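K.L.:
Mind having a look at this structure? Questions to follow.
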């Protein structure tokens with residue numbers, strides 16, 4: 001039986017290892033992709049640091065990927081209505097096994113909190129199969145939502161946006177952006193950069209970004225920010241004065257947190273206008289408490305605060321549509337600043353941890 005090489009994260013802080021796996025038996029409705037690209041994003045750094053609970057190490061990371069359909073069993077209708085064919089460039093929604101029947105799925109309308117929900121590259125053990133993109137091949141079990149990558153979208157465009165773009169679609173929905181709203185985005189990592197672009201596409205009159213380092217702020221401007229403030233070179237008071245100056249003294253209509261910093265929450269609540277909206281999208285792990293004055297920061301301001309956890313299949317498909325229309329002029333591929341082979345993923349994690357790049361790309365086809 002053919003074998004596949006995959007990069008495995010044995011446990012937190014342990015070096016990434018290359019291991020050999022048997023190519024899986026394809027179930028009816030299943031597909032095997034030959035991986036073109038996956039990603040190393042902030043979540044993968046959190047996995048390496050052991051900051052996500054319930055992760056069944058060892059795992060094959062890489063939750064958002066693109067690949068070529070190599071094998072399929074049976075006639076499979078994709079989410080875009082097409083029939084899957086060998087040789088198709090496919091992308092897929094990394095969340096699978098959502099039940100559709102529990103309280104979260106069927107009653108509260110929060111399927112991202114489904115108790116059976118699994119996520120490729122995060123919640124599946126390496127022993128369970130090829131459920132991560134840091135591998136020469138990925139197994140899409142029956143029921144995984146997949147679609148053909150449009151001809152106008154290059155794999156580098158899709159994976160540059162990656163999980164950050166899909167999360168950004170959800171965050172923009174939660175923010176309920178309206179034409180001519182002013183939007184402030186805290187954080188210029190992969191999620192924040194995509195939120196900037198989507199805020200601009202949604203018709204924002206002003207888009208302000210706060211973050212670091214300099215190269216990410218430059219990219220924030222390319223993604224559509226009117227003003228990008230370096231948090232390492234300005235104080236919170238200075239940033240507040242600049243934001244007020246751009247919004248006639250009111251603060252922005254919407255603030256979206258995409259940094260994962262408790263301090264960002266404390267600051268962001270002061271930058272939204274009275275009656276505005278504050279969306280928290282960056283706290284995927286527990287980074288510690290934020291100090292909030294309920295009277296000053298929330299109640300007197302009549303401020304609306306919304307969380308944004310994960311994403312749904314609809315966000316994945318809409319992100320694909322956004323790329324089809326706009327990847328030619330919005331530089332999503334620039335977010336994926338550097339490409340690494342499977343045997344260089346320890347270096348990729350170190351670069352991502354040190355914020356030397358917004359996102360590293362993984363190309364299992366490379367030999368280095």
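The numbers here are math on the coordinates, done by the rules we state, and not lab data. Computed from a predicted model, the values in this text were never measured in an experiment. Please note: Cβ atoms are built from the backbone with ideal geometry, for glycine as well, and neighbour counts cover all protein chains shown.
K.L.:
Looking at the stretch 135-142, is at least one residue within 17 Å of the chain's Cα centre (by Cα) and in contact (Cβ under 8 Å) with a residue 60 or more places away in the chain? Please lay out each step first, then the result.
P.N.:
Applying the first criterion (within 17 Å of the chain's Cα centre (by Cα)) to the stretch 135-142 yields none.
No, that holds for no residue.
K.L.:
Considering only residues of the stretch 70-109 that are under 22 Å from the mean Cα position of the chain (by Cα) and free of Cβ contacts under 8 Å to residues at least 40 places away in the same chain, which is surrounded by the fewest Cβ atoms within 10 Å (Cβ to Cβ)?
P.N.:
So the residue we want is 109.
K.L.:
Additional query: Would it be correct to say that residue 31 is without any contact (Cβ under 8 Å) to a residue 24 or more places away in the chain and touching a strand residue (DSSP E or B) at 6+ places or on another chain (Cβ under 6 Å)?
P.N.:
Values: without any contact (Cβ under 8 Å) to a residue 24 or more places away in the chain: no; touching a strand residue (DSSP E or B) at 6+ places or on another chain (Cβ under 6 Å): yes.
For residue 31, the condition - without any contact (Cβ under 8 Å) to a residue 24 or more places away in the chain and touching a strand residue (DSSP E or B) at 6+ places or on another chain (Cβ under 6 Å) - is not met.
K.L.:
Moving on to the next point. For residue 116, state whether it is surrounded by fewer than 24 Cβ atoms within 10 Å (Cβ to Cβ) and part of a helix (DSSP H, G or I). Write out each step before concluding.
P.N.:
On the way: surrounded by fewer than 24 Cβ atoms within 10 Å (Cβ to Cβ): yes; part of a helix (DSSP H, G or I): no.
In short, no.
K.L.:
Among the strands (runs of 3 or more DSSP E) contained in the stretch 236-352, which hold 2 or more residues that are buried (at least 18 other Cβ atoms within 10 Å of the Cβ) and without any contact (Cβ under 8 Å) to a residue 40 or more places away in the chain?
P.N.:
So the answer is 272-280.
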